[in-house]
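What follows is a single structure, written as structure tokens, with notes after it.
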Amino acid sequence: MAEILSQQEIDSLLAGINSGSVNVAVPEATGFTPRGGKEAITFDFRLPHRLSKNQLRTLQAVHESFAETLSSFLISRLQTTVSISLASIDQLFYSEFVLSIGSPSCLYVFRIVESDALAVLELNPQLVLSIVSRMLGGPVGEEKNARLLTQIEQTIIRGITQRAVADLQKAWKTIAPFTFQMERYETEGEFVQIAPASEIILLVSFEVSIGDQKFMMNICFPTFALEDELAKLNTQSVNAISMAQSKKGWSRVMAKKIEQTTLPVSVILGCATLSVKELAELQPGDVIRTAIPVNGETAIEIGGTTRFYGKPGVSNGKSAVRIERVNTNVH
């Protein structure tokens, strides 16, 4: 047991310190060398549930797949260039997330059915207004200041957010059998309340580019809702997800791009050769004879190449051509 000093001894010690007769220099801290040459890392006791490298890589693969799928959908809906990239995955207190939310904001609360927990999809108000404007035929980034959405704007954007949550569920299905259900829409962070203020949450941030405008989108998951599934993640699942999602993602994107590609189709009704004199003397009502017989076939060109031959006619009161055969000489 440590010796207890009397009051007289304490007074003598203080007097010695004041006079300088007692040395109170603090010895320098000696360096700490871990056993086995292992590197020591800083541990934050406030955030004990830190993600491992394997867990982080898996979550990156899942949300990169989600970003790719959602961007493909927005390209087809908005008919403009859209790019969504994963910006960061962080762990912080729920109170810090609430403080980072602007006012007003666009917060879409959805339920994780299996864990009976709530999560939040946060959209930048300018992003929502730009999507609504583009869907109605307007420009992107016209409104510079955040404002509350009207009832009509909420109805228009509802389909986009429901699709986003559905795509997020598909991405998570590769590692966890989660079911996400949209619950409600909020405009203020303090009204969401998906977790206690001191709870650790997982914040996934994305950068959304529409045309030349850039916006932010966040997804907030309570850590307790994902603990069981995160514990199961390992390197094998990371590699499998990355390879599968990469192949599926690229194939799906390429197929959609090809389907949306437009090609010019021309029907050559006939060709003729005229002298400069004949060309100069042409008048309304003149007839130009071609080399194609009355019952002959006309060439159908796609992208400047003759792909088919057909016969001209009328369909529903409009000029049309019926394909008769394929040009087999094209390779």
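Length available on full extension from Ser315 to Glu183: 0.36 nm per residue minus the Cα-Cα distance, which gives 42.5 nm. When you count the other C-beta atoms within 10 angstrom of each residue and take the mean per peptide, 149-161, 275-287 line up highest first as 149-161, 275-287.
Dipole size of segment 53-260 about its Cα centre, with +1 on Lys/Arg Cβ and -1 on Asp/Glu Cβ: approximately 940 debye, rounded to the nearest 20. Remark: segment 105-190 is approximated by an ellipsoid whose semi-axes, taken from the C-alpha gyration tensor as √(5λ), come to 26, 14, 10 Å, largest first. Extension gain, Leu269-Glu142: 0.36 nm per intervening residue step, less the Cα-Cα distance, totals 41.0 nm. Under a model in which nothing but the beta-carbon of Lys, Arg (+1) and Asp, Glu (-1) is charged, segment 178-239 shows a dipole of about 200 debye around its Cα centre. Ranked by the mean number of other Cβ atoms within 10 Å per residue, highest first, peptides 106-115, 87-96 order as 106-115, 87-96. Each Lys and Arg contributes +1 and each Asp and Glu -1, all at the Cβ; summed about the Cα centre of segment 265-326, the dipole is approximately 260 debye. Measuring r between the beta carbons of Lys277 and Met216 and using R0 = 56 Å, the FRET efficiency lands at 0.20.
Rg and Dmax over the alpha-carbon atoms of segment 265-326 stand at 14.0, 40 Å.
No value in this document is a laboratory result; all are computed from the given coordinates. Predicted model, so just to flag it, every value in this text is computed and none were measured. Here Cβ is always computed from backbone atoms with ideal geometry, including for glycine, and neighbour counts include all displayed protein chains.
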